[in-house]
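Peer 1: Before we start, here is the structure in question, set down as structure tokens.
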């Protein structure tokens, strides 16, 4: 069976003889592939743009004041059946969660060659007041010049001047959500109430919008001012943000910091794990549903083949009588499935491409409750969406062809050739 | 001229039907032995259900005997496997059926080419030339590019004969080749068979109801209930046939 050309020809002619049915099942595959590509593009677009934003504007590793708990006997030994363990619970000093001598710690951190830069922060829960509005607000004290290297505020400014923050000891930078909540604009004075009741009157020097709602709800001041508001001595901060130069090794940096400093260090993946897990779950659901769309399309292919085989028993008998082998009959019908699948999937890829273009050009109102703000659907575009969807549809069709094709091979020519039954 | 090319020895064919829990077995051919010589033009006749078609299919390796042995040129075909039988049908036998059974999606020429392409032994070009030649032989050279539905029953049957001859078969087997044709077209098919037998020394075995047809062959085998009732050689193979 070197030359399969004639088998392909038989397959093709039989299909084109039943144009309407063949085109319908072909359309089924096309739609299945299109939906699959669109769904993958939507899901990946969302996740990728989220991850991309996080990587660009959030710290890769976050060191916080929380001390790592040393391993102690009550964590090491589980009371067994036949053992009795007496222990006295370790007593910790319940310190405030601060990083002491942060400059020394930063020196330690920056010795790691994987670390690109580190910058200290003081994070506080405060109350903001402007006019009649009083709202709780997350306030961060930062060193503006180095903070910008992580959170790219300068690029995200929608009004005011970021550089001015460093030169303005009582300046405050608002995220766009915070600014909207207070209805404040550049030049206004906002009151910040500290935990101990002290009130600080601060001047808004700028408003930024990063697109990540978590960050856009915060307000930022100089580090010194925040230490002042929170009542921390000058050598204490609450967090250190770190950017690494190799994202794949961020967990090494975090581990290293934990060992060196005994402070808690988490990577961005850990920090965003709940959102990432949610995305993963939604993706699973979407893929699961789309899988069924393709499966139904596969049934369409099986349907065409089953009717073709049923209607072509005469031809199959004839082919057998002139010496076609079982395996060759099988190949003819597998070819039919593949022809429908390949043409259908190719059209589906084109439709999918068009769908991505259309969806990504439609403007939509953004919801402030989503993780990432955007004014349109964030569609991913990648060759593998197409190759995967194509391959998957062809595989499903191939599987769908096997049973009808094998039934075709089982046709007993004697019964059919004897007379029209 | 008297060498035997097909030999059936004590061939039995029993069909077992499972009808629910009930097993019904029907013996079509109880025990039949006969042989055919090269160049012989034989007719198998008999009433419906006498087993004549079954016998033809057994000889042509389309079906397998339940018991007994069948030889083609001293090779036992009843012991062969499915794949070998397919090759045998392709290379050694040519079939013509009552219903013309052409592939409806293919032209006359392509239908005749199909057995040649099936094994891939020849190039498409050579198959095309050979097919055209065969169509000429059956008088259908001007219908090469017609699809079967554009042809009459008689024309289709001639193309089916051309197809049966595609791989120069040792034996041409025909199952009621004129059963579905009017007398004029039937006459054409008889003449064609006679011509093939006379000019190419083609061995032909025809199953037929048609006494008139049967009388024009070399040998008439009459079968009743799966048994040979009569086996008369009227003419010696190779001798001319009077009509």
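Peer 1: For the stretch B:4-233, what is Rg from Cα atoms divided by 2.2 N^0.38 Å, rounded to two decimals?
Peer 2: Numbers: Rg = 17.7 Å, N = 230, 2.2 N^0.38 = 17.4 Å.
This ratio for the stretch B:4-233 stands at 1.02.
Peer 1: Based on the Kirkwood radius over alpha-carbon pairs, what is the Stokes-Einstein translational diffusion coefficient of the stretch B:1-71 at 37 °C with 0.692 mPa s viscosity, in µm²/s?
Peer 2: Values: Rh = 13.3 Å.
My calculation gives 247 µm²/s for D.
Peer 1: I want to check the label-to-label distance for residue B:87 and residue A:326. Put each point 7 Å from Cα in the C-beta direction and report it in nm to one decimal.
Peer 2: 1.7 nm
Peer 1: Please give the calculated 222 nm ellipticity per residue for chain A, where each DSSP H segment of at least 4 residues contributes -39500 (n - 2.57) and the sum is spread over every residue; nearest 500 deg cm²/dmol?
Peer 2: Computed mean residue ellipticity for chain A: -18000 deg cm²/dmol.
Peer 1: Now, a different point. If you look at just the Cα atoms of the stretch B:51-188, how large are its Rg and its Dmax in Å?
Peer 2: Expressed in Å, the Cα Rg and Dmax of the stretch B:51-188 come to 15.4, 47.
Peer 1: OK, next. Return the FRET efficiency for the residue pair residue A:56, residue A:402: r is the Cβ-Cβ distance, R0 is 56 Å, and the value is rounded to the nearest 0.05. Walk me through the numbers on the way to the answer.
Peer 2: On the way: r = 48 Å, r/R0 = 0.86.
Efficiency, from the Cβ-Cβ distance: 0.70.
Peer 1: Taking the Cβ-Cβ separation of residue B:15 and residue A:289 as r and a Förster radius of 41 Å, what is the calculated FRET efficiency to the nearest 0.05?
Peer 2: Numbers: r = 50 Å, r/R0 = 1.23.
Calculated transfer efficiency: 0.20.
Peer 1: Where is the GNM fluctuation largest for chain A (alpha-carbon springs, 10 angstrom cutoff): A:277, A:393, A:27?
Peer 2: A:277
Peer 1: Between residue A:108 and residue A:154, what length comes free when the chain is fully extended (0.36 nm per residue of separation minus the Cα-Cα distance, one decimal in nm)?
Peer 2: Details: separation 46, 0.36 × 46 = 16.56 nm, distance 2.82 nm.
Once the chain is fully extended between residue A:108 and residue A:154, it gains 13.7 nm.
Peer 1: I want to verify a result. In a Gaussian network model of chain B, Cα cutoff 10 Å, which of these has the top mean-square fluctuation: B:17, B:90, B:146?
Peer 2: Of the options given, B:17 has the highest mean-square fluctuation.
Peer 1: Could you give me the percent of Cα pairs per 20 Å distance bin for the protein assembly as shown, shortest bin first, beginning at zero and ending with the bin that holds the maximum distance?
Peer 2: Going out from 0 Å in 20 Å bins, the protein assembly as shown shows 15, 29, 17, 15, 16, 8, 0 percent.
Peer 1: In addition: Given a Förster radius of 22 Å and the C-beta distance between residue A:116 and residue A:275 as r, what FRET efficiency does 1/(1 + (r/R0)^6) yield to the nearest 0.05? Before the final figure, lay out the partial values.
Peer 2: Details: r = 24 Å, r/R0 = 1.09.
So, using R0 = 22 Å, E works out to roughly 0.35.
Peer 1: Ok, one more. How much of the DSSP beta bridge set in the protein assembly as shown is antiparallel, as a percent to the nearest 5? Write out the running numbers ahead of the final one.
Peer 2: Values: 66 of 92 bridges.
Approximately 70 percent, going by the DSSP bridge assignments.
Peer 1: Here is a further query. Over all directions, the average projected area of the alpha-carbon convex hull for the stretch B:155-229 comes to how many nm²? Provide the component values of the computation, followed by the final result.
Peer 2: Numbers: hull surface 21.4 nm².
Mean projected area for the stretch B:155-229: 5.3 nm², to one decimal.
Peer 1: Would you mind calculating the gained length between residue A:311 and residue A:170 on full extension (0.36 nm times residue separation, minus the Cα-Cα distance), in nm to one decimal?
Peer 2: Details: separation 141, 0.36 × 141 = 50.76 nm, distance 8.59 nm.
The residue A:311-residue A:170 span can extend by a further 42.2 nm.
Peer 1: On full extension of the chain, what length is gained from residue B:152 through residue B:3, given 0.36 nm per residue of separation minus the C-alpha to C-alpha distance?
Peer 2: Numbers: separation 149, 0.36 × 149 = 53.64 nm, distance 3.84 nm.
Here the segment from residue B:152 to residue B:3 would lengthen by 49.8 nm.
Peer 1: Rounded to the nearest 500 deg cm²/dmol, what is the calculated helix-only ellipticity per residue at 222 nm for chain B, with -39500 (n - 2.57) per DSSP H run of length n ≥ 4? Display every interim value, and only then the final one.
Peer 2: Working: 7 runs with 78 residues, N = 243.
Calculated at 222 nm, the ellipticity per residue is -10000 deg cm²/dmol.
Peer 1: Give me the percent of Cα-Cα pairs in the stretch B:109-216 that sit more than 18 Å apart, rounded to a whole number.
Peer 2: Working: 2785 of 5778 pairs.
Distances greater than 18 Å cover 48 percent of the Cα pairs.
A short reminder: the numbers here are calculations on the coordinates, not readings from a lab. Everything numeric here is computed off the predicted structure, so don't read it as measured data. All Cβ positions, glycine included, derive from the backbone under ideal geometry; neighbour counts span all protein chains shown.
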